[in-house]
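The block underneath contains the structure these notes are about, expressed in structure tokens.
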Amino acid sequence: MPKTTLLSSTTLSTSSENSTNLPSSPNVGRPFSRLRFGQMVIVLGLAVYLGAVPFEGAWIVPGIAVAMVIGFMIEASEIHEGSDTPSSMTPPTLKEISRSLPGGVDTSDDDDSASGEEGEEKQGEELVWREQDGKSVLVPKFYMPKSKKNLLNRPTTMSEVSKHNKRNDCWIVIESHVYDITKYIDCHPGGWLPITNMAGKDCTDAFANYHPASIYRNLLPGFYIGECKDSLDGTEFVKEHRNIRQELLRRGLFETNTYYYYVKYIWLFFLLATSISFTLLAPTKPLRLTGAVFMAAFWQQLAFIGHDVGHNAISHKKWKDTTLGIIFGNTLGGISLGWWKHSHNVHHIVCNSVEHDPDIQHMPIMAVTDEIFDANKLDNAGVYDKEQNGFWSTYHMKWISPDLFSRYLVSYQHWLFYPIMAVARFNLYIQGFIYVATAWKQDAWFAKRFQKLEFFTLVGFVTWLSLLVSAMPTAGERVQWLLISHALAGWLHVQICISHFTMDTYHGHAYNGADDDWFKMQCFTTMNVDSWRWFDFVHGGLQFQIEHHLYPRLPRHNLREARALVKPFCVKWNVPYHELGFVDSNLELVAGLKSVAMKCREYGLGGIGGFKESQIYEGLNAIG
């Protein structure tokens with residue numbers, strides 16, 4: 001791979017020199033690469049398998065599975081080395097950019113003066129790379145609004161912006177430009193929670209990583225009200241870490257490698273077909289239960305595809321990725337994509353915030369931090385004061401407090417963690433149906449477009465899984481099959497938990513200044529898992545959580561290349577970059593859970609209300 005040179009400025013030239021001087025892959029043009037060989041092995045194994053199953057030859061599948069895994073690892077190794085990646089592509093010209101964005105970009109040689117108050121002002125010559133439908137495009141950095149009647153009469157400050165931090169009064173800063181988006185919050189396709197969690201903040205990096213280039217031109221100008229004179233844009237640290245994203249875009253690494261996903265789809269089909277074949281055709285109980293093992297592998301690998309489409313990281317088109325994700329992900333996996341997106345979008349914005357991140361709010365079963373147990377106070381009347389014990393979850397819209405039962409469970413959470421992970425998937429099924437039933441309250445934009453589709457696909461999952469399990473000869477075998485498949489699929493939940501549970505937590509909102517800007521907060525609250533290149537397919541991109549949280553729309557097959565830029569940058573600027581092997585990550589996780597459990601015991605277990613005041617009771621009755 002050619003040596004990487006970071007861009008020295010966010011002002012990019014459109015000269016032919018810059019348009020063609022891109023790093024090229026050493027594998028381009030190779031007539032017979034390991035990628036092709038790996039694909040041949042997989043397809044050959046699949047063909048032999050399909051020929052064997054009709055003749056009740058399911059017993060030969062383990063051998064074929066080994067061959068296919070070898071082929072898959074060969075394929076994965078080649079893709080991560082850059083074969084057929086977009087890095088060799090030439091950036092588009094300005095005319096091509098104009099055609100790629102709705103309304104286009106003015107590339108004429110007209111006079112630079114404004115065309116009048118009601119006309120669109122001529123844009124500056126400063127260009128930046130942005131992502132549009134998975135393509136890297138050079139576009140003007142800023143678009144002025146057609147009308148100037150809503151503009152402030154003076155530059156503002158971050159202190160003033162921070163006062164507008166509510167759902168009904170929301171200002172944000174993007175690249176030193178101030179926008180009043182109050183009227184848009186309830187129309188936001190990603191829900192209102194992510195926006196309100198960034199209200200009154202500089203959200204330049206969050207916005208860039210979740211929105212295509214067209215939004216900068218078509219939506220933002222209508223909400224522009226002025227300039228912020230003390231944003232973080234001028235600091236060297238911010239300039240340099242934003243140049244990393246510019247470099248990734250310049251290389252074309254936001255473009256999805258379709259071959260990568262073709263192989264993934266073949267792999268998923270193999271796992272599902274193998275599971276069904278073993279379950280229905282195998283002559284003995286052990287072989288039939290082997291079908292549960294393959295089903296667990298299928299669900300785990302399918303979840304990674306669901307994660308990709310949830311971030312619009314395959315087609316990079318929200319409607320397409322969401323629709324296909326619901327049809328195939330919900331129907332085959334049983335986990336609501338709508339529920340996942342609603343929760344996960346918030347998680348990415350406020351990662352590891354005690355009050356705001358739903359991914360670390362697991363009371364009454366687990367607690368990531370002991371801070372919610374440090375008070376057992378009574379009010380002036382001698383009554384238990386719920387507000388002094390625990391916190392208000394802005395996601396669940398309820399108080400989460402340490403009642404008697406939750407304290408007891410948390411005090412043993414380091415022993416309960418893996419058993420909980422073994423059955424956690426059943427809870428996700430329930431969460432999906434609850435979300436579908438209440439989607440209008442939580443995300444009206446999503447509910448209007450996808451609520452019915454979500455419901456029917458989730459019912460479809462329950463239907464086919466019930467039919468499959470009911471085909472087994474005894475009730476005991478059916479229960480064993482369900483428990484084995486779901487327990488092994490719990491590997492996925494462990495992979496998710498190790499990424500954040502041992503990292504820093506905090507109260508309130510981040511992004512208050514240079515000490516907790518976007519880049520630093522992702523590194524403070526997220527860790528990587530050190531993995532062999534050929535083993536990456538088992539982790540599904542979750543091993544590069546730091547890079548994923550920094551660039552969530554970056555296709556996972558390019559996360560390793562992003563790591564090569566991010567890690568040296570962290571070393572240079574003394575920013576934590578936590579990375580452990582999978583075993584060490586689990587040991588650290590258990591140690592962290594034990595530490596919280598021991599502190600929970602120190603605070604005592606009694607005197608906090610009865611069963612009807614507990615979160616277990618609320619959960620059983622779907623309260624909150």
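Here is how the numbers come out for the structure above:
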read-out	value
Some residue of the stretch 264-278 being of a type in the set (D, E, K, R) and under 15 Å from R553 (Cβ atoms)	no
Within the stretch 224-244, considering residues that are hydrophobic (A, V, I, L, M, F, W, C) and in contact with a strand residue (DSSP E or B) (Cβ under 7 Å, 6 or more places away or on another chain), the one modelled with the lowest pLDDT	L232
Residues located in the stretch 210-229, provided they are under 25 Å from R154 (Cα atoms) and either surrounded by fewer than 18 Cβ atoms within 10 Å (Cβ to Cβ) or out of contact with any helix residue (DSSP H, G or I) (no Cβ under 8 Å at 6 or more places or on another chain) (or both)	Y216, R217, N218, L219, L220, P221, G222, Y224, I225, G226, E227, K229
Any hit, the stretch 223-235, residues being within 30 Å of T463 (Cα to Cα), without any contact (Cβ under 8 Å) to a residue 60 or more places away in the chain and in a helix (DSSP H, G or I)	no
Condition met for E547 (farther than 25 Å from V346 by Cβ and out of contact with any His (no Cβ under 7 Å at 6 or more places or on another chain))	no
Answer from V494, V479, V529 - the residue that is farther than 28 Å from L232 by Cα and outside any helix (DSSP H, G or I)	V529
Enumerated helices (runs of 4 or more DSSP H) restricted to the stretch 281-380, each holding at least 2 residues that are of a type in the set (S, T, N, Q) and within 14 Å of the chain's Cα centre (by Cα)	337-349
Among residues of the stretch 505-526, those that are charged (D, E, K, R) and at pLDDT 95 or above, counted	1
Pairs where the first residue, in the stretch 278-294, is at positive phi and the second is part of a helix (DSSP H, G or I), C-beta under 6 Å, 6+ apart	none
Of residues in the stretch 408-461 being crowded, with 16+ Cβ neighbours inside 10 Å and not in a helix (DSSP H, G or I), the one farthest from the chain's Cα centre (by Cα)	S411
Extreme residue, farthest from V350 (Cα to Cα), among residues of the stretch 168-200 that are among the polar types (S, T, N, Q) and either in contact with a His (Cβ under 8 Å, 6 or more places away or on another chain) or part of a helix (DSSP H, G or I) (or both)	T182
Condition broken by L268, with the remaining ones in (1) buried (at least 23 other Cβ atoms within 10 Å of the Cβ); (2) free of Cβ contacts under 8 Å to residues at least 40 places away in the same chain; (3) closer than 25 Å to L483 by Cβ satisfied	(1)
Count of residues meeting criterion [at pLDDT 90 or above, surrounded by 22 or more Cβ atoms within 10 Å (Cβ to Cβ) and touching a Gly at 6+ places or on another chain (Cβ under 9 Å)] in the stretch 355-388	2
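Table: residues versus (1) in contact with a strand residue (DSSP E or B) (Cβ under 8 Å, 6 or more places away or on another chain); (2) buried (at least 23 other Cβ atoms within 10 Å of the Cβ); (3) polar (S, T, N, Q).
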{"residue": "T284", "(1), (2), (3)": "no, no, yes"}
{"residue": "I314", "(1), (2), (3)": "no, no, no"}
{"residue": "W319", "(1), (2), (3)": "no, no, no"}
{"residue": "G329", "(1), (2), (3)": "no, yes, no"}
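Rundown of residues vs (1) small (G, A, S); (2) under 20 Å from the mean Cα position of the chain (by Cα); (3) on the phi < 0 side of the Ramachandran plot; (4) at pLDDT 95 or above, yes/no style:
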position: V173; (1), (2), (3), (4): no, no, yes, yes
position: K183; (1), (2), (3), (4): no, no, yes, no
position: W192; (1), (2), (3), (4): no, yes, yes, no
position: L219; (1), (2), (3), (4): no, no, yes, no
position: G222; (1), (2), (3), (4): yes, no, yes, no
position: Q246; (1), (2), (3), (4): no, no, yes, yes
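A quick yes/no check of all residues on (1) crowded, with 18+ Cβ neighbours inside 10 Å; (2) of a type in the set (K, R); (3) modelled with pLDDT of 95 or more:
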| residue | (1), (2), (3) |
| --- | --- |
| P555 | yes, no, yes |
| N558 | yes, no, yes |
| K567 | no, yes, yes |
| W573 | no, no, yes |
| M598 | no, no, no |
| E602 | no, no, no |
| G609 | no, no, no |
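The values are calculated or read from the model by the stated rules, or taken from the named source; none is laboratory data. Given the structure is predicted, the values throughout are model-derived calculations rather than measurements. Don't worry about glycine lacking a Cβ; one is built from the backbone with ideal geometry, like all the others, and counts go over all protein chains shown.
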